[in-house]
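Taking it in order: structure first as structure tokens, then the write-up.
The values are calculated or read from the model by the stated rules, or taken from the named source; none is laboratory data. Owing to the predicted nature of the structure, the values given are computational and were not obtained by experimental measurement. Note: ideal-geometry Cβ built from the backbone for every residue, glycine included; neighbour counts use all protein chains shown.
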Amino acid sequence: MKGFVSAIRTLTSFPVTGREGEEIASSIPWFPVVGLALGLILFGIGHVCTLFPFGRWDAGGALLMVGAGIWLTRGLHLDGLADWADSIGGYYDRDKRLAIMKDVYLGAFGVLALILVLTAKWIAFERLLSSGTLIWIPVVFVISRGMMAELITTLPYARKIDQGMAGPFIEGASGRHRLISLFLSLVFTLPFGPLGPVFFGLAALMTWLFKRRCRYRFGGITGDLLGTANEMVEVSLLFICALPGKSILCYTGWTWLF
């Protein structure tokens, strides 16, 4: 359970008590579990928004969910996305890209990326609220956190180990951590019917493509790139879930097969 405490403190703003594991990498298998908790909280917030006595306001509820997601994660992954966007804003070599990502200042490309992603989340949440399909949010959050574990355990660190927050995670990551995190991610998707594993497969494909780009452009992975991967997978799956509207409910669970 010490690894679980580490995972919560790393990925969320939850004020949990308890001792962390001696190796920070012990938190990696717990990433999907933390994703499930975050997804369930946002699902609960969205459900409460549908019960307002003065009428539905899906756009306002969706905005509240976006804000809650930022607060619950301290905006950690969004910060990584912005830094990544700034780093690819020009044709720089690898060292220059890494230096830009480490820069504390936010550039135009980072601002545009944040606007795009936050707007996309707002639109997707509004669609999920209006169609009554919020139940898919926990699945999306499980998978996106599981894909971060996949990158941590399969790519080298692009910086020196003592540079950046992700170094200790990657240094201690193992194949065992990878298998457990992927297994939990897949298990958590199964109750939602065949679309759950399908979304898992789509996320794995997106992560594999992103992994290739990370190797080519950066020589490995960093904390900012992990945050970028999380946001890419999360937003993509949210849109896929939101696109069919109410019709996706026909394939939620397994009863439609019988």
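Observations
- Filtered residues of the stretch 159-188 (kept if of a type in the set (D, E, K, R) and either modelled with pLDDT under 75 or crowded, with 18+ Cβ neighbours inside 10 Å (or both)): 159, 160, 162, 178
- From the options 201, 172, 193, residue that is more than 21 Å from residue 79 (Cα to Cα) and without any contact (Cβ under 8 Å) to a residue 12 or more places away in the chain: 201
- Taking (1) touching a helix residue (DSSP H, G or I) at 6+ places or on another chain (Cβ under 9 Å); (2) in a helix (DSSP H, G or I) in turn, residue 67 satisfies each apart from (1).
- Criterion (modelled with pLDDT of 90 or more, in contact with a helix residue (DSSP H, G or I) (Cβ under 8 Å, 6 or more places away or on another chain) and within 30 Å of residue 127 (Cβ to Cβ)) met by exactly one of 44, 35, 75: 35
- Residue match in the stretch 109-122 (condition: modelled with pLDDT under 85 and either farther than 30 Å from residue 46 by Cβ or touching a Ser or Thr at 6+ places or on another chain (Cβ under 8 Å) (or both)): no
- Scope the stretch 220-238; condition of a type in the set (A, V, I, L, M, F, W, C), within 24 Å of residue 99 (Cα to Cα) and part of a helix (DSSP H, G or I); matching residues: 225, 226, 229, 232
- Selection within the stretch 11-24 - buried (at least 20 other Cβ atoms within 10 Å of the Cβ) and farther than 21 Å from residue 141 by Cβ: 24
- Residue match in the stretch 205-219 (condition: crowded, with 24+ Cβ neighbours inside 10 Å, of a type in the set (A, V, I, L, M) and part of a helix (DSSP H, G or I)): no
- Single condition residue 203 does not satisfy, out of (1) over 23 Å from residue 183 (Cα atoms); (2) within 17 Å of the chain's Cα centre (by Cα): (1)
- A single member of 118, 134, 114, 155 is touching a Gly at 6+ places or on another chain (Cβ under 7 Å) and closer than 18 Å to residue 234 by Cβ, and it is 134.
Here is a yes/no grid of residues against (1) of a type in the set (Lys, Arg); (2) buried (at least 17 other Cβ atoms within 10 Å of the Cβ):
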residue	(1), (2)
9	yes, yes
34	no, yes
51	no, no
55	no, no
81	no, yes
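- Flag if residue 43 is in contact with a Pro (Cβ under 8 Å, 6 or more places away or on another chain) and hydrophobic (A, V, I, L, M, F, W, C): yes
- Close Cβ contacts (under 7 Å, 6 or more residues apart or on different chains) running from residues in the stretch 29-41 that are in contact (Cβ under 8 Å) with a residue 40 or more places away in the chain and assigned to a helix (DSSP H, G or I) to residues that are of a type in the set (Lys, Arg) and surrounded by 24 or more Cβ atoms within 10 Å (Cβ to Cβ) comprise 31/145; 32/145; 34/145; 35/145.
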